[in-house]
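Enquirer: This is the structure, below, for whatever I ask next.
Every read-out reported here was derived from the displayed coordinates using simple, explicitly stated rules and does not represent laboratory data. Just so we're clear, the structure is a prediction, and the values are computed from it rather than from any experiment. Every residue, glycine as well, gets a Cβ built from its backbone with ideal geometry; the counts of neighbours run over all protein chains shown.
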């Protein structure tokens with residue numbers, strides 16, 4: 001037995017750095033595989049990437065290149081405050097540098113891909129600090145970075161980028177609260193402020209909310225453990241407030257858009273939409289059982305699969321509670337937070353989401369199932385701890401390792417596949433896919449049991465199997481094979497025959513099925529559109545009379561009985577600008593740029609000038625250099641009243657929320673830097689002590 005213990009100890013010493021290097025190698029290979037389209041000169045165009053994110057970033061890049069304002073996008077909804085939408089991150093320095101200095105295709109791919117190594121490294125450092133194990137940190141980072149949420153939501157780059165800040169914020173909070181060095185605490189507080197500001201500048205408020213919720217609970221948990229002084233909490237609060245102020249230029253604009261969007265008119269039923277039905281727990285052991293992989297509509301929203309190996313590791317760890325050791329408090333906290341997150345993701349089925357509906361403006365966020373990301377964060381951390389314990393378990397306890405519950409996981413997987421095929425024949429997938437899930441679970445259980453019995457090679461297979469399993473699950477649905485060269489994608493975008501720069505309308509194909517914005521890349525202008533915060537409209541844009549009023553020249557509609565879409569010409573449409581009133585009138589457009597329209601108008605009688613540009617309260621108008629009132633004309637459009645005579649009229653989109661939000665952002669950055677500088681070097685630190693007697697020599 002002594003000899004065996006020495007052998008196991010020797011294997012442990014050899015395997016630890018090698019296993020860590022192997023995890024890094026596997027994670028690096030997965031990231032290189034994700035970046036392969038960039039190396040081949042292609043871009044990802046799947047779903048929202050090509051239909052929403054790429055068109056608005058193309059506009060953003062063009063405006064930056066021309067050194068013109070980018071807040072107002074005339075091509076969407078006949079004018080849309082795109083800078084406030086929350087899925088562009090237009091004010092973030094990283095985005096500004098990317099799209100200002102690089103070609104669109106390269107900048108777009110880099111934005112999508114850089115979040116993953118950033119997330120991996122932050123998760124690794126956080127878990128290593130909490131567990132004291134490099135293996136736990138690296139493996140937990142691998143599981144979380146390539147989890148189903150992170151890969152299925154590849155089509156939502158701002159969500160991924162915001163979540164990538166989560167482990168870094170928790171790490172900075174832990175250092176700011178627990179470090180004994182004043183200098184380190186000050187640097188951590190500065191990181192907290194900058195990271196929170198970065199999150200808010202990226203937009204996607206829902207993931208910011210998830211981060212805030214996690215950070216508060218994490219800080220409370222660490223306070224119960226460390227009992228640090230309230231002065232440290234106050235310093236952290238100042239850093240957080242500074243970070244919130246740094247993001248003001250974005251969140252102020254988003255609140256402005258929210259107040260003028262359709263969401264202000266919706267009831268609680270809309271915000272419960274996208275709740276995680278309890279039947280989706282079947283995904284844990286049968287990920288490919290259903291045709292769409294989930295019980296519900298949106299696979300990328302409801303995907304709960306955590307991987308066969310992480311599931312087996314978590315079950316194994318729960319069966320070996322005597323081996324938790326110093327990780328006991330961490331594991332318990334992760335289990336509790338994971339259960340709470342699952343209840344939050346369940347939405348109307350869990351009950352906990354009702355509390356969120358009482359918190360404005362968080363109650364305007366839909367798809368509670370997105371809290372799955374917190375469930376998978378907890379699972380990844382537990383799996384990391386499990387691998388760390390498993391790696392060292394063979395040292396002394398191989399004969400007593402409890403693996404009794406692992407066969408139950410196999411039984412659950414086989415039962416779900418068999419029963420699901422019988423009771424839900426219309427919803428299940430093909431037999432090979434149905435039984436692929438149980439096969440993965442069986443392999444995972446076998447590998448974990450081999451590792452528990454001291455097999456070192458099983459640890460390496462376990463890591464590789466985890467990466468292949470998770471990556472294949474996420475990427476095969478979301479973006480696998482859905483790439484194209486930028487020029488080819490633009491060439492294939494829908495456009496009216498012979499009029500690439502026409503004004504068009506593309507109504508939903510049916511309820512909830514919208515036509516994307518890829519046609520904007522071809523140069524057209526839509527009087528409708530597709531966006532997360534749809535602007536509030538008074539007119540009915542399913543009616544041809546509204547299309548004419550909006551100046552639409554073409555409609556993109558389903559063909560008669562064919563189901564395919566075709567272009568239909570619209571006649572007698574309104575001009576770009578005109579005068580409503582009596583007498584003779586002439587209107588000449590001098591400048592027509594995003595957020596700036598100049599006109600020369602002659603009218604023989606009083607009237608109302610109108611432009612087929614969407615109205616927004618942030619529009620400012622001057623008539624002959626004098627401030628006038630911009631008005632909502634004919635329901636949804638921009639205009640103003642004019643007296644008789646010649647006039648030079650200038651419309652300019654100047655949101656006050658951007659002005660005061662920008663000032664708050666600058667003040668927040670200054671406050672953070674000054675506060676941290678004073679914390680590092682207190683006032684009076686170098687002051688000469690006049691009470692000290694001088695040396696007579």
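Enquirer: Taking every DSSP beta bridge with both residues inside the stretch 493-569, roughly what % is antiparallel (nearest 5)?
Expert: Roughly 60 percent of the beta bridges in the stretch 493-569 run antiparallel, per DSSP.
Enquirer: State the antiparallel share, in %, of DSSP beta bridges confined to the chain, rounding to the nearest 5.
Expert: In the chain, approximately 95 percent of DSSP beta bridges are antiparallel ones.
Enquirer: So if R0 is 35 Å, what FRET efficiency would residue 402 and residue 673 give, r being the distance between their Cβ atoms, rounded to the nearest 0.05?
Expert: Efficiency computed from Cβ-Cβ geometry: 0.05.
Enquirer: Also, quick follow-up: Tell me the Kirkwood radius of the stretch 493-569: reciprocal of the mean inverse pair distance over distinct alpha-carbon atoms, in Å.
Expert: 12.9
Enquirer: Could you order peptides 566-572, 174-180 by the average number of other Cβ atoms within 10 Å of their residues, highest first?
Expert: In decreasing order of mean packing, 566-572, 174-180 become 174-180, 566-572.
Enquirer: Can you work out the FRET efficiency for the pair residue 318 and residue 241, with r the C-beta to C-beta distance and R0 = 45 Å, to the nearest 0.05?
Expert: 0.65
Enquirer: Say each of residue 602 and residue 568 gets a label point 7 Å from the Cα, pointing the same way as Cα to Cβ; how far apart are those two points in nm?
Expert: Once both label points are built, they end up 4.1 nm from each other.
Enquirer: Quick check on the stretch 426-486: take the gyration tensor over C-alpha atoms, sort the square-rooted eigenvalues as a ≥ b ≥ c, and tell me if it's rounded (a/c under 1.5), prolate or oblate.
Expert: It comes out oblate by the Cα gyration axes.
Enquirer: Using alpha carbon coordinates only, what is the Rg to Rh ratio of the chain, with Rh defined as the Kirkwood radius?
Expert: Over the Cα atoms of the chain, Rg/Rh equals 1.03.
Enquirer: Rank-order 196-207, 485-496, 349-360, 280-291 by packing density, defined as the average count of other C-beta atoms within 10 Å over each peptide's residues, highest first.
Expert: 196-207, 280-291, 485-496, 349-360
Enquirer: For an R0 of 51 angstrom, estimate the FRET efficiency from the Cβ-Cβ distance between residue 223 and residue 487 and round to the nearest 0.05.
Expert: 0.40
Enquirer: Once label points are set 7 Å from the Cα along Cα→Cβ at both residue 292 and residue 421, what is their separation, rounded to one decimal in nm?
Expert: Going by the 7 Å Cα→Cβ label model, 2.4 nm.
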